[in-house]
Each structure stands twice: as C-alpha cells, then as structure tokens.
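To keep things clear, I will list the structure first and then write my remarks on it.
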Amino acid sequence: MLRLQYVTVYVTDQDRALAFYRDFLGFEVKMDIGNENFRWLAVAPKNDQTHLVLLKVTPENPHYTDWSSRIGKHSGYIFYTDNIRETYEELKLKGVHFPIEPRQVDWGGFEGTFEDPDGNQFELVQAPNW
C-alpha cells in the first residue's frame, strides 16, 4: 500500500524555518541529518505520518531556478483543525502572519491562510459539522 511520507517546503534558512515550525506551530523534528553541503530536515505535527521537508535552496543546486521560484508562494498544503478560531488566536499570539483571516466559505467550513518566514502560504481549515 502506498502512503504519502514527505512533502517539500522550499526555504532560504533552515534554522529560521525550523524555529517557526517547531516553536510556533508545535511540530516535532522527525529527521535532521546532513553535512556542510546538505541538510535533510523533516518536521511534522505530533502523531502525523506525513513530514514536511524544509529544504534550503542554494544556487549550487541544479534545480535552483525552479525551486527558488516556489518560495513565497501558496504551497497547496492544507492543515486541519477542530477549532479554527482557537487555533487562529493561538497562532496569532505567537506572531504567525495570516494574510487571509479565517472565514466561513461556500462549502460550509472555515478557511484561513497563514505564512511561514519565507512567505510560503498554507491553508488552515475547519470542516463543517455535517
């Protein structure tokens, strides 16, 4: 059976990204290995099987042009919460920037958009009570 293990978030500074995901969002470090040329840094919400790889984009990388163009854009990744208002207030108090505050949407749920320090955007969603 297949399962999704890793998704990549391209960043300019892995230590700054780590501080955000760990200290602001409460993610756990799942893997942090490497050397002076490369670092594999993966984080995830507690008890989650899918890890975010915080991958630093450097000019030496052959994919630099493509990967660097993805920094600061909407990731397409969606984080679910049982209480969007509570989660939103908690994250705002920690200094997380929401370019789009949570609001009710046509399908009955609630959505908001937050950013990491590189401007990568993520959806925060609460499903409706059907």
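Some notes on this structure:
- Residue in the range 96-111 that is within 30 Å of N129 (Cβ to Cβ), surrounded by 12 or more Cβ atoms within 10 Å (Cβ to Cβ), of a type in the set (G, A, S) and not assigned by TED's automatic domain parsing to the domain that holds Y10 present: yes
- Of all residues in the range 87-105, none satisfies being of a type in the set (S, T, Y), modelled with pLDDT of 95 or more and part of a strand (DSSP E or B).
- Flag if V53 is in contact with a Ser or Thr (Cβ under 8 Å, 6 or more places away or on another chain) and among the β-branched types (V, I, T): yes
One line per residue, one yes/no per condition, for (1) more than 26 Å from Y10 (Cβ to Cβ); (2) out of contact with any Asp or Glu (no Cβ under 8 Å at 6 or more places or on another chain):
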position: R70; (1), (2): no, yes
position: K73; (1), (2): no, yes
position: D82; (1), (2): yes, yes
position: L91; (1), (2): no, yes
position: G95; (1), (2): no, yes
position: Q104; (1), (2): yes, yes
position: W107; (1), (2): yes, yes
position: Q121; (1), (2): no, no
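- Residues of the range 36-56 classified as farther than 30 Å from N129 by Cα and either in contact with a helix residue (DSSP H, G or I) (Cβ under 7 Å, 6 or more places away or on another chain) or not assigned by TED's automatic domain parsing to the domain that holds Q14 (or both), total: 4
- Number of positions in the range 23-56 that are more than 20 Å from K73 (Cα to Cα), basic (K, R) and surrounded by 14 or more Cβ atoms within 10 Å (Cβ to Cβ): 2
- Inter-residue pairs, beta-carbon under 9 Å, first assigned to a loop (DSSP other than H, G, I, E, B) and in the range 3-16, second at pLDDT below 95 and among the acidic types (D, E), 6+ apart: none
- Candidate set from the range 24-63 (those that are touching a residue at least 40 places away in the same chain (Cβ under 8 Å) and not in a loop (DSSP other than H, G, I, E, B)); member that is nearest to E86 (Cα to Cα): F24
- Applying the condition of being in contact with a helix residue (DSSP H, G or I) (Cβ under 9 Å, 6 or more places away or on another chain) and either within 27 Å of V125 (Cα to Cα) or not assigned by TED's automatic domain parsing to the domain that holds V9 (or both) to the range 57-82 and asking which residue is surrounded by the fewest Cβ atoms within 10 Å (Cβ to Cβ) yields F79.
- Residue satisfying condition, being under 25 Å from Q5 (Cα atoms) and either in contact (Cβ under 8 Å) with a residue 24 or more places away in the chain or over 16 Å from the mean Cα position of the chain (by Cα) (or both), within set I71, I84: I71
The values are calculated or read from the model by the stated rules, or taken from the named source; none is laboratory data. Keep in mind that this is a model prediction, so the values were computed, not measured. All Cβ positions, glycine included, derive from the backbone under ideal geometry; neighbour counts span all protein chains shown.
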